[in-house]
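Presented below is the structure to which this report refers.
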Amino acid sequence: MIEGYSRRKVLLLGGLGFIGSNLAQRLVQLGAQVTLVDNFLPDHGANWFNLDGFRDQVQVHLSDLRNSEALRALLPEQEIIFNIAAQTSHSDSMSNPLLDLDINCKGNLTLLEACRQVNPAARIVFVGTRAFYGSPPFLPATEDSPILPRDIYSINRFAAEQYHLIYHLHYGLPVTSLRVGNIYGPRAQMKHPKYNVLNFFLRLALENRPLKIYGDGQQVRDYLHVGDACEAMLLAGLHPAALGKVWNVGAGEGLPFIELAQTIIELAGSGHLEQTDWPPGSRNYDVGDFVLDIAQIRSQLGWAPRLSIRQGLAQTLAFYQKNHNHYW
Ligand SMILES: NC(=O)c1ccc[n+]([C@@H]2O[C@H](COP(=O)([O-])OP(=O)(O)OC[C@H]3O[C@@H](n4cnc5c(N)ncnc54)[C@H](O)[C@@H]3O)[C@@H](O)[C@H]2O)c1
């Protein structure tokens, strides 16, 4: 049980999306006074059903990270800010790089400027991504691994993280960045596979459709349940040791993609594997094997994943079995 959120004023940017709404539910359980901001970016995870069961316990503002005036009105009261809003599609960042730049760079600078001007004391937890490391030269990838982005999204999100750290360095904003791995769980967008393939695989299995694997499927990835990711964010939002830090948040161990697909099919009791060659050009997006080193956050905050992949997948499948009509 995390203590310290009761009656605290907490702002979640991107709060109607996948990670944001899971975090919001947890914060409500912990007694926080929660405000959500979201602009319902098309093709992203914002979904009113994500607030099912706690809609009347949070305040919602349909607004944009790039709207300085709206932020300046909301910020003064807030004690802790979780900055989770983003353009999250790697492929869309290549087809529409200026939109990605606008949200992932300008939006984050707008937020930081507003914080500096009206509430420089608010804690900020920025949610970054493992994609900063691209295809790492050694595994597991540590926080000191080289930054090797492979698309516009990863470059712009890394710039956004660095803006946060610069505002910490120059203006003392109390900032933490968490570079999260592949997250799965309830409340994710499942309409298209442009980002978060694992969640989309759950839909395919539940619909008894083929789970398509390119190549031999032996590439190893690390998959973390959203509940475990939220616990890491909650700890980072309170702990003094997290100030000015950048930490990886992942499972810390790898699973071959094909084994993941087989486990989903087994647990769902439906779906089947289909192995094909890589479509032309798509290999450029694949980073090969990937596992995050989570020793830093483990030793500094005592955080570690709790759910095994089988437990997490079973819980997630049960959620979508019941609620799929709200997600696809
Ligand atoms: N899901 C993962 O596996 C994963 C992995 C690594 C990093 N991340 C990061 O976590 C964050 C959240 O991802 P998610 O999976 O919950 O995606 P999501 O699409 O479910 O949530 C993002 C939310 O941000 C909102 N949003 C986008 N632009 C906005 C803006 N300008 N103003 C206000 N709201 C805006 C969207 O409407 C959406 O509700 C992103 O920063 C993403 O890069 C996610």
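If packing is taken as the average count of other Cβ atoms within 10 Å, what order do 97-103, 185-191 fall into, highest mean first?
Working: 97-103: 17.1, 185-191: 22.9.
Those peptides, ordered most packed to least, come out 185-191, 97-103.
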Q. Kirkwood Rh, Cα Rg: Rg to Rh for region 54-170?
A. 1.01
Q. Around residue 215, which amide H atoms from residues at least 5 apart in sequence, or from another chain, sit under 5 Å from its own amide H, with H modelled in the peptide plane?
A. 276, 277, 278
Q: Could you check the simple spin-label distance between residue 259 and residue 276, using points 7 Å along Cα→Cβ, in nm with one decimal?
A: 2.6
Q: State whether region 1-118 is rounded, prolate or oblate according to the following rule on the C-alpha gyration tensor (a ≥ b ≥ c being the square roots of its eigenvalues): a/c under 1.5 gives rounded; otherwise a/b larger than b/c gives prolate, and the remaining case gives oblate.
A: oblate
Q: Could you tally the net charge around residue 3, taking each other residue with its Cβ under 14 Å from the Cβ of residue 3, Lys/Arg +1 and Asp/Glu -1?
A: +2
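Going by C-beta contacts inside 10 Å, put 58, 127 in order with the fewest on the left.
Numbers: 58 21, 127 27.
Sorted ascending by nearby Cβ count, the order is 58, 127.
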Q.
Spelling out what I want: for every residue of region 41-53, take phi, set θ = phi - 60°, compute 6.51 cos²θ - 1.76 cosθ + 1.60 (Karplus), and round to whole Hz; glycine and proline get x.
A. 4, x, 6, 9, x, 4, 7, 4, 5, 4, 9, 4, x
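Excluding residue 58 itself, calculate the net charge of residues whose Cβ lies under 15 Å from the Cβ of residue 58, where each Lys or Arg counts +1 and each Asp or Glu counts -1. Display every interim value, and only then the final one.
Details: positive: 7, 8, 9, 26, 55, 187; negative: 38, 52, 56, 77.
With Lys, Arg at +1 and Asp, Glu at -1, the net is +2.
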Q | Label-point separation, residue 214 to residue 54 (7 Å along Cα→Cβ), nm | A | 3.6
Q) Near the amide H of residue 43, under 5 Å away, which other amide H atoms are found, from residues 5 or more places off or on another chain, if H is placed in the peptide plane? A) none
Q. If the chain between residue 298 and residue 283 were fully stretched, how many nm would it gain, using 0.36 nm times the residue separation less the Cα-Cα distance?
A. 2.1 nm
Q.
For region 185-325, take every pair of Cα atoms, bin their distances at 10 Å starting from 0, and report each bin as a whole percent.
A. 11, 37, 33, 16, 3
Q) So how far apart, in nm, are the two label points at residue 169 and residue 98 if each is 7 Å from Cα heading toward Cβ? A) 3.1
Q | Rounded, prolate or oblate (a/c below 1.5 giving rounded, otherwise prolate when a/b exceeds b/c) for region 220-275 by Cα gyration tensor | A | prolate
Q.
Relative contact order of the chain, please, whole-number percent, based on alpha carbon pairs below 8 angstrom and at least 6 residues apart.
A. 18
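If you rank 79, 266, 161 by fewest surrounding Cβ atoms within 10 Å, what's the result?
Fewest to most other Cβ atoms nearby, the residues stand as 266, 79, 161.
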Q) So, with +1 on the Cβ of K and R and -1 on the Cβ of D and E, and no other charges, what is the size of the charge dipole of the chain about its Cα centre, to the nearest 20 debye? A) 560
**Q.** Fraction of antiparallel bridges per DSSP, the chain only, in percent to nearest 5
**A.** 5
**Q.** Surrounding net charge for residue 215, when Lys and Arg each add one and Asp and Glu each subtract one, Cβ distance under 9 Å
**A.** -2
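Evaluate the charge dipole of region 1-92 about its Cα centre and quote only its size in Debye, nearest 20, assuming +1 on the Cβ of each Lys and Arg and -1 on the Cβ of each Asp and Glu.
Once rounded to the nearest 20, the dipole reads 260 debye.
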Q) Could you work out Rg/(2.2 N^0.38 Å) for the chain, with Rg from alpha carbons only? A) 0.95
Q: For region 183-236 and region 71-131, write down the distance between their C-alpha centroids in whole Å.
A: 24
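Can you bin region 181-242 into rounded, prolate or oblate? Criterion: square roots of the alpha carbon gyration tensor eigenvalues sorted a ≥ b ≥ c, rounded for a/c under 1.5, prolate for a/b above b/c, oblate for the rest. Please list the in-between numbers first.
Working: a/c = 3.53, a/b = 2.00, b/c = 1.77.
Because a/c hits 1.5 or more and a/b exceeds b/c, region 181-242 counts as prolate.
With only Lys, Arg, Asp and Glu charged, each at its Cβ (+1 for the first two, -1 for the last two), find how big the charge dipole of region 157-256 is about the Cα centre; round to the nearest 20 debye.
Using only the charged Cβ atoms, the result is roughly 400 debye.
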Q | Calculated [θ] (222 nm, deg cm²/dmol) that DSSP helices of n ≥ 4 give over the chain, each run adding -39,500 (n - 2.57) | A | -10500 deg cm²/dmol
(Q) Need the full-extension length gain, residue 241 to residue 6, defined as separation in residues times 0.36 nm minus the C-alpha distance. One decimal, nm. (A) 82.6 nm
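Any read-out appearing in this document is the output of simple, stated calculations on the displayed coordinates, not a laboratory observation. Just so you know, these numbers come straight off a predicted model, no measurement behind them. We place every Cβ from the backbone using ideal geometry, glycine too, and count neighbours over all the protein chains shown.
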